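Q: Sharing a structure below in structure tokens format, with a few things to ask.
The values are calculated or read from the model by the stated rules, or taken from the named source; none is laboratory data. Given the structure is predicted, the values throughout are model-derived calculations rather than measurements. Positions of Cβ are generated from backbone atoms using ideal geometry, with glycine treated the same way; all protein chains shown enter the neighbour counts.
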Amino acid sequence: MGHKRLPDITTDDIAAMIGRLRAQGLAPKTINGSLVPLGRIFAHALRRGYITDNPLRRLEQHERPRIQKRDQRVLDHDEIARLLDASLPRYRPLLAMAIYTGMRHSELLGLTWADLDLETGLIHVRYQLSRARLHNPARRVRLKTNAAARDIPLLPQLNALLKRHKLASRHSAHNDSVFTTAEGGPLYCGNAEKRGLRRAANNAGLNTEGSPQTGGVSQGPGTGPRSSAERERSIAFVGN
């Protein structure tokens, strides 16, 4: 539609564009993402008087991309044990941290050894790893709000696992990432999910339908996930 003037774009043009994107095999969520900026352009033009109608709003229900939510499987304690047993050694501490702290994946991957107090058994959650973009690699940034900052107690078994992980790591300096690539750079979410969670789930026979979601372990008020909704969103690397 790039060759058309804004007032000349019709609802049929948008429906045809959606059809072409579907034919290319794009997911409904991806197609819907392309409609968001288009909708904002039309809304701005309508307010300014450049057009008299928003053709995007006239799409019929069956023409719009339908995003179907997949059921998430919550793993029980036996399945969690199987998942950890089947995980690669380099990813096992990461998966265990996700399971028993309820931290978001961006928070886990943004941890440095300075954030862990293994003597007192506390995790100081203050930073997260940003998403990598084109020409803009992922980097460690502050949490979006001060309310998100918190301290999480470490279970004794998890504390011992992290101590062994630190001793085995070639990157254990104060400011090194806790979970790194072989070269010492921060581990990206896609790699952690594909090579860590999904491979372990496949090896453990847990990847049937839907993405496995590990059940959280409550650690008392004020620690770990702050609500059941957050626990469902962040307990582990639940598919995208």
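Q: When the residues of segment 38-61 are filtered to those that are assigned to a loop (DSSP other than H, G, I, E, B) and of a type in the set (D, E, K, R), which remaining residue is nearest to ARG5 (Cα to Cα)?
A: In the first step, residues of segment 38-61 are kept if they are assigned to a loop (DSSP other than H, G, I, E, B); the result is 49-54, 59-60.
If we keep only those that are of a type in the set (D, E, K, R) too, we end up with 53, 60.
Numbers: ASP53: 14, GLU60: 23 Å.
Checked segment 38-61; the qualifying residue nearest to ARG5 (Cα to Cα) is ASP53.
Q: Does LEU143 meet the test of being closer than 20 Å to SER106 by Cβ, modelled with pLDDT of 90 or more and surrounded by fewer than 18 Cβ atoms within 10 Å (Cβ to Cβ)?
A: Details: closer than 20 Å to SER106 by Cβ: yes; modelled with pLDDT of 90 or more: yes; surrounded by fewer than 18 Cβ atoms within 10 Å (Cβ to Cβ): yes.
Answer is yes for this residue.
This table checks each residue for (1) in the same structural domain as ALA200 (by TED's automatic domain parsing); (2) outside any strand (DSSP E or B); (3) touching a Cys at 6+ places or on another chain (Cβ under 7 Å); (4) under 22 Å from GLU193 (Cα atoms).
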| residue | (1), (2), (3), (4) |
| --- | --- |
| ALA96 | yes, yes, no, yes |
| ILE99 | yes, yes, no, yes |
| THR120 | yes, yes, no, no |
| ARG131 | yes, yes, no, yes |
| LYS144 | yes, yes, no, no |
| ALA147 | yes, yes, no, no |
| ASP151 | yes, no, no, no |
| HIS165 | yes, yes, no, yes |
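Q: What are the residue pairs meeting all of these: first residue in segment 189-203, first residue more than 17 Å from PRO89 (Cβ to Cβ), second residue among the hydroxyl-bearing types (Ser, Thr, Tyr), Cβ atoms under 8 Å, and 6 or more apart or on different chains?
A: What qualifies is CYS189/SER106.
Q: So ALA204 passes all but one of these: (1) over 19 Å from THR101 (Cα atoms); (2) modelled with pLDDT under 90. Which condition number does it fail?
A: (2)
Q: Checking the structure you have, find out if any residue of segment 78-92 is surrounded by 20 or more Cβ atoms within 10 Å (Cβ to Cβ), in contact (Cβ under 8 Å) with a residue 40 or more places away in the chain and in a helix (DSSP H, G or I).
A: The answer is yes, given that some residue of segment 78-92 is surrounded by 20 or more Cβ atoms within 10 Å (Cβ to Cβ), in contact (Cβ under 8 Å) with a residue 40 or more places away in the chain and in a helix (DSSP H, G or I).
Q: Here's a follow-up. Would you tally the residues in segment 125-138 being more than 15 Å from the chain's Cα centre (by Cα) and within 12 Å of TYR188 (Cβ to Cβ)?
A: 1
Q: Applying the selection to segment 62-77, what residues are touching a helix residue (DSSP H, G or I) at 6+ places or on another chain (Cβ under 6 Å) and either hydroxyl-bearing (Ser, Thr, Tyr) or in a helix (DSSP H, G or I) (or both)? Talk me through it step by step, then tell me what you get.
A: Taking segment 62-77 as the starting set, the residues that turn out to be touching a helix residue (DSSP H, G or I) at 6+ places or on another chain (Cβ under 6 Å) are 63, 65-67.
The answer is GLU63, and nothing else.
Q: Could you please give the count of residues in segment 55-77 that are of a type in the set (A, V, I, L, M, F, W, C) and either modelled with pLDDT of 90 or more or surrounded by 18 or more Cβ atoms within 10 Å (Cβ to Cβ) (or both)? It would help to see each step written out before you state the result.
A: Of all residues in segment 55-77, those of a type in the set (A, V, I, L, M, F, W, C) come to 56, 59, 67, 74-75.
Still in the running and either modelled with pLDDT of 90 or more or surrounded by 18 or more Cβ atoms within 10 Å (Cβ to Cβ) (or both): 56, 59, 75.
Going through segment 55-77 one residue at a time, the tally reaches 3.
Q: Looking only at residues in segment 1-20 that are in contact (Cβ under 8 Å) with a residue 24 or more places away in the chain and surrounded by 15 or more Cβ atoms within 10 Å (Cβ to Cβ), which one is nearest to GLN68 (Cα to Cα)?
A: Filtering segment 1-20 down to residues in contact (Cβ under 8 Å) with a residue 24 or more places away in the chain leaves 6-7, 9-11, 13-15, 18.
Now restrict to residues that are surrounded by 15 or more Cβ atoms within 10 Å (Cβ to Cβ): 9, 11, 14-15, 18.
Working: ILE9: 28, THR11: 24, ILE14: 21, ALA15: 19, ILE18: 17 Å.
Among those that are in contact (Cβ under 8 Å) with a residue 24 or more places away in the chain and surrounded by 15 or more Cβ atoms within 10 Å (Cβ to Cβ), it is ILE18.
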